[in-house]
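The values are calculated or read from the model by the stated rules, or taken from the named source; none is laboratory data. Just so it is clear, the model here is predicted, and its values are computed rather than measured. Virtual Cβ from ideal backbone geometry, glycine too; neighbours counted across all protein chains shown.
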Amino acid sequence: MKRLASSLTSPPLVLAIVAVLAYGLLLPQLGFYWDDMGISWIRYQLGPEAMERYFSTNRPVWGLLYQGTTQLFSQIPIYWHVFALFLRWLTALLAWAILRELFPKQPRLALGSALLFLVYPGFNQQSGAFLYSHFFIVLNFFLFSLYLMLRAWRERYWLKTGFGMFFSGLNLWMHEYFFVLELIRPAVIWTALREEDLDFGARLRRTLGLWAPYLAVFVAAVLSRLFIFNNQIYEIGTGQDGTSPFNLVTTIPASLWTVSVAAWAQVFRLPDLATDGPRTTLVYGAVALLTYGVLVIALFGWQTQGAKRSARKDAFWALGLGLFILFVAGWPFWLTGVPVSLGYPANRATLSFMLGVSLLLAGLLALLPRQLNWIFLAVLVSLAAGRQFQWSNDFRRDWNAQKNLFWQMTWRAPGLEPGTIVLMNEELDFYADNSIGAALNWIYAPDNHTGRVDYVLFYPTNRLGGTLASMEPGQAVEYDYLAGRFEGNTSRVVTFFYAPPGCLRLLDPEIDPYNRLIPADSLMREAAKLSSSGPVLEAGSTSRMPEIYSPEPAHGWCYYFERADLARQVGDWQQVAELGDKAFKLDEHTDDPLERFVFVEGYAHVGEWEQALAYSQDSYQFSKNYLGPLLCRLWDRIQREAPASPEKDDFIRQATTLFVCNP
């Protein structure tokens, strides 16, 4: 046991094991999310010049970083997820190294802070690997510069200070999230000098002297942002919106509560067996127990390490430094009116607070009795690791839903005319409409590498009254991706509704505007009026599924439904009926009664009236009040368009009577 414990007391190894348990178990099953999709599409599909244009108005130096990393890794998610996991571990390792320099007599305090930093639950977007790997690169630049600053006092002062200034500059010029964290340096230096025999004045002069090179870099960065390049997205201001001094009095305490108490309270949300399922619950338990076991073994190996003499004093120093870092970290958001929230995707703002919160919490735990301190720490870290696994699983599910969405879309619409606007409900959790729009272009215009963007996908809930002026035909629509531009018209729209486990449905402009099964607040009933199958191309398909969407799902109910709806579009009613025969033989059953409508119409057109009426009745049983009016509209169309036959009039009369249709 002692030998095992000794081997597990290495902080890099402990941090690596916890990182893999918290973030690494689902890596092969994760994909691209939110801005991952948009930025990667711009870089890999539109080219390096498009990437340069995209970042030219906000973070041009950060754009250079993307240019470098995308030369190393291709547009394959697993590469980016492994890279992001390594960077997350590296940030925790650097945090540990910094705190070991600050608290050399308290190895537990240093490792405890690093562990809390590693699994910090305020930020739950580790699975957004393409985007956040670049956030963590910049954070690593900042942390490494702090470490070099502390090490420079021991040897090779100017060499290490020079490199420290360089990495500090990279942080300052690349990104604004960690910009103001540069101002924690004097507090870090002051803390590091506490053991030296200096009076207050000498200590102050020493602090200012050691800070001076980095202060010069900070001032240069501020001046460059003021006079050379000012971010056109985030503007600093006071006296307006939420940035007035009066509002800051309430905003700052609320933000600090959010990133500390509210963030860590999330670790006590345990899996729900009914909704998460037994497998997820079992793996969550395994992650938490294994993490706890590793930390307890590490504690066993460290029971004789560390000095008791100054533990309480160092704990108060950690508390003070943590509070100072927390207060400094929030100003980029408080001064720009950017909310500090635990919601998705806004919780990216909590990244700046991670170090301060972790140091504050570790300091509080260090005030507890020695054995109790590590047990409480192990419990918190274990629960946080399990919670991070739960979030990864949520991302996994959303990636699968997004893949199924596009497979079903290509089954239904093998091609789309350039200039088509796709409207869809806001169903996926981790995708904005412009990120799904990037995937749409990647799939339907794989050979377009120009600045002319062929397609957009909009959520009407986001765009109506803005980019999408109204739900009327004939309205010009323009959308700027920064790296490219779309120009279209609301007379060329396809509207899809997606509510898994139901199939993706191309909405019917005759029926779906009256479909009360579609939530009113989705605005998709209004969008259905614009929907048309006209832009859908059958021959000469333009779609090509990227490799990351492979393999193609098994051909189940949704496959036959989508192909039947495409056959209905071109009037191949025999194929609709044949596909229906195959679909209804499956063990699967549909949760959406409107998915039967295409087969009802197909059977009616080929003269299989009993089948048509029987499946209509199945749909009707779902909800007579909701489905009756829709079935009446469907049978009215059948009456108009189906070939005349002796049976037709009889079954039309039966349907109109059964579904209580008005003349």
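Does residue 46 qualify as being more than 17 Å from residue 132 (Cα to Cα) and assigned by TED's automatic domain parsing to the domain that holds residue 168? No, not satisfied.
Whenever a residue of region 323-352 is closer than 11 Å to residue 184 by Cβ, its partners that are hydroxyl-bearing (Ser, Thr, Tyr), lying with C-beta atoms within less than 6 angstrom and at least six residues away or across chains, give the pairs 329/352; 352/177. Could you look through region 1-29, keep only residues that are outside any helix (DSSP H, G or I) and over 30 Å from residue 74 (Cα atoms), and pick out the one that is modelled with the lowest pLDDT? If we take residues in region 1-29 being outside any helix (DSSP H, G or I) and over 30 Å from residue 74 (Cα atoms), then 1 is modelled with the lowest pLDDT. Across region 523-565, the qualifying residues are those that are surrounded by fewer than 22 Cβ atoms within 10 Å (Cβ to Cβ) and of a type in the set (A, V, I, L, M), and the one among them that is nearest to residue 29 (Cα to Cα) is 548.
Residues in region 407-466 that are among the charged types (D, E, K, R) and in contact with a Phe, Trp or Tyr (Cβ under 6 Å, 6 or more places away or on another chain) were compared, and the one that is farthest from residue 505 (Cα to Cα) is 433. Checking 32, 83 one by one, the residue that is closer than 17 Å to residue 127 by Cα and part of a helix (DSSP H, G or I) is 83 and no other. Consider region 211-226 and keep the residues that are over 33 Å from the mean Cα position of the chain (by Cα) and not β-branched (Val, Ile, Thr). The one that is surrounded by the most Cβ atoms within 10 Å (Cβ to Cβ) is 214. Residues of region 375-391 that are surrounded by 23 or more Cβ atoms within 10 Å (Cβ to Cβ) and either touching a Phe, Trp or Tyr at 6+ places or on another chain (Cβ under 9 Å) or not hydrophobic (A, V, I, L, M, F, W, C) (or both): 381, 382, 383, 384, 385, 386, 387, 388, 389. When every residue of region 85-92 is checked against the conditions, at least one turns out to be among the polar types (S, T, N, Q) and without any contact (Cβ under 8 Å) to a residue 60 or more places away in the chain.
Table: residues versus (1) more than 28 Å from residue 445 (Cα to Cα); (2) polar (S, T, N, Q); (3) touching a Pro at 6+ places or on another chain (Cβ under 7 Å); (4) not assigned by TED's automatic domain parsing to the domain that holds residue 502.
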residue: 570; (1), (2), (3), (4): no, no, no, yes
residue: 581; (1), (2), (3), (4): yes, no, no, yes
residue: 594; (1), (2), (3), (4): yes, no, no, yes
residue: 598; (1), (2), (3), (4): yes, no, no, yes
residue: 604; (1), (2), (3), (4): yes, no, no, yes
residue: 611; (1), (2), (3), (4): yes, yes, no, yes
residue: 637; (1), (2), (3), (4): yes, no, no, yes
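Within the option set 157, 177, 132, being under 18 Å from residue 330 (Cα atoms) and in the same structural domain as residue 391 (by TED's automatic domain parsing) holds for one residue only, 177.
With respect to residue 406, is the statement that it is among the aromatic types (Phe, Trp, Tyr) and surrounded by 23 or more Cβ atoms within 10 Å (Cβ to Cβ) true? Answer is no for this residue.
Of all residues in region 167-220, exactly one satisfies the criterion of being more than 24 Å from residue 138 (Cα to Cα), touching a Lys or Arg at 6+ places or on another chain (Cβ under 7 Å) and modelled with pLDDT under 90, namely 198. Is there a residue being assigned to a helix (DSSP H, G or I), closer than 20 Å to residue 512 by Cα, among the polar types (S, T, N, Q) and modelled with pLDDT under 95 anywhere in region 621-628? Yes, there is a match, as at least one residue in region 621-628 is assigned to a helix (DSSP H, G or I), closer than 20 Å to residue 512 by Cα, among the polar types (S, T, N, Q) and modelled with pLDDT under 95. Can you spot a residue in region 584-594 that is outside any helix (DSSP H, G or I), β-branched (Val, Ile, Thr), crowded, with 17+ Cβ neighbours inside 10 Å and within 35 Å of the chain's Cα centre (by Cα)? Checked region 584-594: at least one residue is outside any helix (DSSP H, G or I), β-branched (Val, Ile, Thr), crowded, with 17+ Cβ neighbours inside 10 Å and within 35 Å of the chain's Cα centre (by Cα). State whether one or more residues within region 57-71 are free of Cβ contacts under 8 Å to residues at least 60 places away in the same chain, in the same structural domain as residue 137 (by TED's automatic domain parsing), of a type in the set (Gly, Ala, Ser) and surrounded by fewer than 21 Cβ atoms within 10 Å (Cβ to Cβ). Within region 57-71, not a single residue is free of Cβ contacts under 8 Å to residues at least 60 places away in the same chain, in the same structural domain as residue 137 (by TED's automatic domain parsing), of a type in the set (Gly, Ala, Ser) and surrounded by fewer than 21 Cβ atoms within 10 Å (Cβ to Cβ). In the set (1) without any contact (Cβ under 8 Å) to a residue 40 or more places away in the chain; (2) part of a helix (DSSP H, G or I); (3) over 28 Å from residue 344 (Cβ atoms), residue 394 fails one condition alone, (3). Restricting attention to region 182-203, the residues that are assigned to a helix (DSSP H, G or I) and either in contact (Cβ under 8 Å) with a residue 40 or more places away in the chain or more than 44 Å from the chain's Cα centre (by Cα) (or both) add up to 12.
Is there a residue in region 39-50 that is acidic (Asp, Glu) and at pLDDT below 90? Yes - at least one qualifying residue is present in region 39-50. If you go through region 535-568 and pick out every residue that is aliphatic (A, V, I, L, M) and at pLDDT 95 or above, you end up with 3.
Could you give every pair whose Cβ atoms fall below 7 Å, whose first residue belongs to region 462-474 and is assigned by TED's automatic domain parsing to the domain that holds residue 426 and without any contact (Cβ under 8 Å) to a residue 12 or more places away in the chain, and whose second residue is of a type in the set (D, E, K, R) and surrounded by fewer than 12 Cβ atoms within 10 Å (Cβ to Cβ), counting only separations of at least 6 or pairs across chains? Going by the 7 Å Cβ cut-off, there are no qualifying pairs. Being more than 29 Å from residue 520 (Cα to Cα), among the hydrophobic types (A, V, I, L, M, F, W, C) and either in a helix (DSSP H, G or I) or more than 23 Å from the chain's Cα centre (by Cα) (or both) is a property that holds for residue 365.
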